[in-house]
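Structure, as structure tokens:
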Amino acid sequence: MKFFLLLTAALLLLPSAVWAHGDEPHGDAPHPAAAAPAQPGFEAATEAFELVGRIDDGALLIWVQRFETNAPVLGATLQVEAGSRKLPAVFDAARGLYAVKDAALVQALQTRPGPHALVLTLQAGEEADLIPAALTLPDDVAAAADHDHDAKPWRLRAAFVGAVLLLGLVGWWRLHRGFRTELKELDA
């Protein structure tokens with residue numbers, strides 16, 4: 001009888017435990033998780049150049065343009081300094097951008113929220129510029145990178161539902177078997 005009471009309590013708590021969720025909107029409003037997360041990135045400018053950078057495809061991608069004309073600066077020499085590391089950015093002519101493909105740098109920039117101080121050294125022909133920038137990683141992007149194990153909460157819910165159903169089936173079988181035994185004893 002004790003088992004039956006525990007099983008009933010578990011089944012009563014099942015809907016709130018399995019389908020409970022945060023206070024996200026319902027109905028026609030878009031779900032916050034459906035919105036694309038903000039890209040970690042930066043914008044920087046000097047009198048001669050403007051730069052836009054973001055982390056994508058496992059690299060720090062940087063677009064460089066002339067400040068006055070917005071004309072792309074192609075084939076320049078660009079170095080990115082982050083902390084004590086100074087890394088070259090490789091020019092990708094097909095996409096018209098510069099890429100830093102250092103996995104350790106990208107990992108550090110993707111997992112710690114807040115601004116990351118960068119210093120970019122640009123040499124375009126006879127012109128050279130030292131450009132400070134701050135790459136900002138939104139809190140929600142860092143949280144997503146840190147809590148990747150929460151990406152599939154349905155597995156935990158499915159395991160819980162399966163366990164409760166199995167316990168319910170075993171309880172029903174034991175209860176049913178007990179009634180049959182009692183009926184046989186009454187008939188005898």
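Structure summary
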item	result
Matching residues in region 62-106 - criterion: being out of contact with any Leu (no Cβ under 9 Å at 6 or more places or on another chain) and polar (S, T, N, Q)	T69, N70, S84
Hey, Q65 over 14 Å from A45 (Cα atoms) and at pLDDT 95 or above or not	no
Spans of strands (runs of 3 or more DSSP E) in region 88-177 with at least 1 residues farther than 30 Å from V64 by Cα and at pLDDT below 90	none
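Quick grid of which residues meet (1) touching a residue at least 12 places away in the same chain (Cβ under 8 Å); (2) under 27 Å from the mean Cα position of the chain (by Cα):
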| residue | (1), (2) |
| --- | --- |
| W63 | yes, yes |
| T69 | no, no |
| V73 | yes, no |
| V80 | yes, yes |
| R85 | yes, yes |
| F91 | yes, no |
| G96 | yes, no |
| A99 | yes, yes |
| V106 | yes, yes |
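The values are calculated or read from the model by the stated rules, or taken from the named source; none is laboratory data. Quick caveat: nothing in here was measured; it's all calculated off a predicted structure. For neighbour counting, all protein chains shown are included, and Cβ atoms are generated from backbone atoms with ideal geometry for every residue, glycine included.
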